[in-house]
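Presented below is the structure to which this report refers.
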């Protein structure tokens with residue numbers, strides 16, 4: 001099966017969705033699928049070092065980078081042209097993100113060419129994602145742009161039960177499937193050989209936070225819950 005993933009960015013500065021897309025592509029390739037990832041050289045305010053050009057092989061799949069045309073909306077003329085020429089060659093298109101450019105031409109071309117597509121919003125369509133920045137513009141975009149893309153999808157992919165609940169509350173025509181993001185756990189013997197955790201005084205609580213420092217992560221709620229001196 002030939003699967004095309006389309007995402008605006010896999011830059012590390014874009015956070016968890018970049019890692020999730022790469023992991024999905026690697027997992028599908030390991031399962032025997034023929035996987036291509038089409039993206040831009042976006043990396044937040046800057047650009048990735050990977051130059052646009054021939055597909056690069058990585059972890060059993062191919063990555064195609066296209067130059068970001070505008071930072072706003074992460075648009076890309078090169079990505080659009082390539083999709084127009086090649087999207088019909090795939091059995092399935094998997095589109096990532098919302099309120100950004102890449103899913104728009106991919107969804108439109110997929111419908112015209114009869115290619116089913118799946119959409120993974122990566123949590124951006126939740127209440128926080130819609131209201132955090134440019135809320136009015138996002139609500140308008142959700143009604144006029146994202147909603148038609150979601151309604152015509154073969155499936156909308158939620159990565160948690162909470163996200164799925166929020167997506168279903170939108171009254172989408174497309175089915176919503178909950179598939180949690182996978183994690184490659186290291187072998188137990190590798191964990192056993194790892195460095196021991198640092199010692200902590202008896203009775204103290206060790207807190208490990210794994211994620212970017214951002215308001216959506218709720219650190220402002222977590223830290224007050226840890227007793228001073230605990």
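Nothing in this text is a laboratory measurement; each read-out follows from the coordinates by a stated rule. Values in this document were obtained by computation on a predicted structure and should not be read as measured data. In this analysis, Cβ positions are derived from the backbone assuming ideal geometry, glycine residues included, and neighbour counts consider all displayed protein chains.
Structure notes:
- Hydrodynamic radius of the chain per Kirkwood, over alpha carbon pairs, in Å: 19.5
- Listed by Cβ neighbour count within 10 Å, with the fewest neighbours leading, 68, 62, 113 appear as 113, 62, 68.
- The relative contact order of the chain comes to 14 percent, based on Cα pairs under 8 Å that sit 6 or more residues apart.
- Rg [Å, one decimal], Dmax [Å, integer] - the stretch 1-77, C-alpha atoms: 12.1, 36
- Percentage relative contact order, the stretch 64-187, counting C-alpha pairs under 8 Å, at least six apart: 19
- More than 20 Å apart - percent of Cα-Cα pairs taken over the stretch 1-131: 40
- Between the Cα long axis of helix 77-86 and the first principal axis of the chain there is an angle of about 70°, rounded to the nearest 10.
- For the stretch 45-93, the C-alpha radius of gyration divided by 2.2 N^0.38 Å, with N the number of residues, is 1.26.
- Added length on full extension, which subtracts the Cα-Cα distance from 0.36 nm per residue, residue 70 to residue 1: 21.5 nm
- Peptides 139-146, 114-121 ordered by average Cβ neighbours within 10 Å, highest first: 114-121, 139-146
- Peptides 34-47, 81-94 ordered by packing proxy, namely the average of other Cβ atoms within 10 Å per residue, highest first: 34-47, 81-94.
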